[in-house]
Amino acid sequence: MDSGAVRFVVILLGALAVGLAVLVIRPEYRGAVVARWRGRPDESPIWRSNSRYYPGIGTADATDGR
């Protein structure tokens, strides 16, 4: 591979490592991933926290389907 492709792969792997580290360290983000995986994003701890600040926004299932 050329230098640009190698650099891209290194950056991509670094971003993946940081993302995994966030999931290991922060339980809210783990809860968000689990809720999304189960198909119930409105049960996410992050979604619940944000819903207090943005009460007019809901998921497609919780609103009129838009």
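Quick look at the values:
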item	result
ASP61 being of a type in the set (D, E, K, R), more than 14 Å from the chain's Cα centre (by Cα) and at pLDDT below 90	yes
Pair list, Cβ under 8 Å, 6 or more apart: segment 4-27 residue in contact (Cβ under 8 Å) with a residue 12 or more places away in the chain, other residue surrounded by 10 or more Cβ atoms within 10 Å (Cβ to Cβ)	PRO27/PRO45
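The values are calculated or read from the model by the stated rules, or taken from the named source; none is laboratory data. Since this is a predicted model, take the numbers as computed values, not measurements. Here the Cβ is made from the backbone with ideal geometry for all residues, glycine too, and neighbour counts use every protein chain on show.
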